[in-house]
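**Student:** Dropping the structure in here first, questions after.
Nothing in this text is a laboratory measurement; each read-out follows from the coordinates by a stated rule. These numbers come from a predicted model, not from an experiment. Positions of Cβ are generated from backbone atoms using ideal geometry, with glycine treated the same way; all protein chains shown enter the neighbour counts.
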Amino acid sequence: MGILYSVTTISGPPLAILFNNQGLVRTEFRAGLALVRVAESSVTAIVYYQLGLFIEESQNILLVLVPSAVVGIPLGAYFIRRMDPETFRRICMSFDAWVVGFGFSRVLIDLKLMQSPFAYSVMAVTIFIDIYLLYIFFTVRQAASKRPQDYGLR
């Protein structure tokens, strides 16, 4: 379990290089990474369950997470096929940044490093920076798509 976890998180790039050096096409490469991540997550969940690390509250949250995954994975696959991959990546990273900003704010509150309303300023700063970066990304892409193409005629 520890080897799988380290391979997919801290040492993710060597795993990507391994799959890349196998000559896998893009879809096979993604499928290989997904398979390793599913195996890692499944083994981790089984071991945690066997160790009794799931409490009643975490079992209740499964009622929300499992349907979300069942709906979210096919929806994500649908959108990534119809959307520019870089745009999809940016939107996903944006969502991750917002979630991390929220989590960091909650940790600051729980550790009593900041009071409740002010701790969320960390999340707000994250959101503002993210919106600014998304604005730059989309305006640069839009400007590049409107620019007349130079076909070597000078």
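**Student:** Where does each of 27-34, 65-72 land if you order them by average Cβ count within 10 Å, highest first?
**Tutor:** Values: 27-34: 13.1, 65-72: 10.5.
Sorting 27-34, 65-72 by mean packing, highest first, produces 27-34, 65-72.
**Student:** To continue, here is another question. Just to verify a number: FRET efficiency for Ala77 and Val107, C-beta to C-beta distance, R0 = 35 Å, to 0.05? Write out the running numbers ahead of the final one.
**Tutor:** Values: r = 32 Å, r/R0 = 0.92.
That gives a FRET efficiency of 0.60.
**Student:** What FRET efficiency do you get for Val99 and Ile136 if R0 is 25 Å and r is their Cβ-Cβ distance, rounded to the nearest 0.05?
**Tutor:** Numbers: r = 21 Å, r/R0 = 0.85.
For Val99 and Ile136, the calculated efficiency is 0.70.
**Student:** Let me ask something else about it. In debye, nearest 20, what is the charge dipole magnitude of region 62-141 about its Cα centre with +1 on Lys and Arg Cβ and -1 on Asp and Glu Cβ, if you could check?
**Tutor:** Working: 7 positive and 5 negative charges, 24 e Å.
Taking the Cα centre of region 62-141 as origin, the dipole is about 120 debye.
**Student:** Per residue of region 117-126, what does 6.51 cos²θ - 1.76 cosθ + 1.60 with θ = phi - 60° give for ³J(HN,Hα)? Whole Hz please, x for Gly and Pro, Karplus curve as stated.
**Tutor:** Working through the residues one at a time gives x, 6, 5, 6, 5, 4, 5, 4, 4, 4 Hz.
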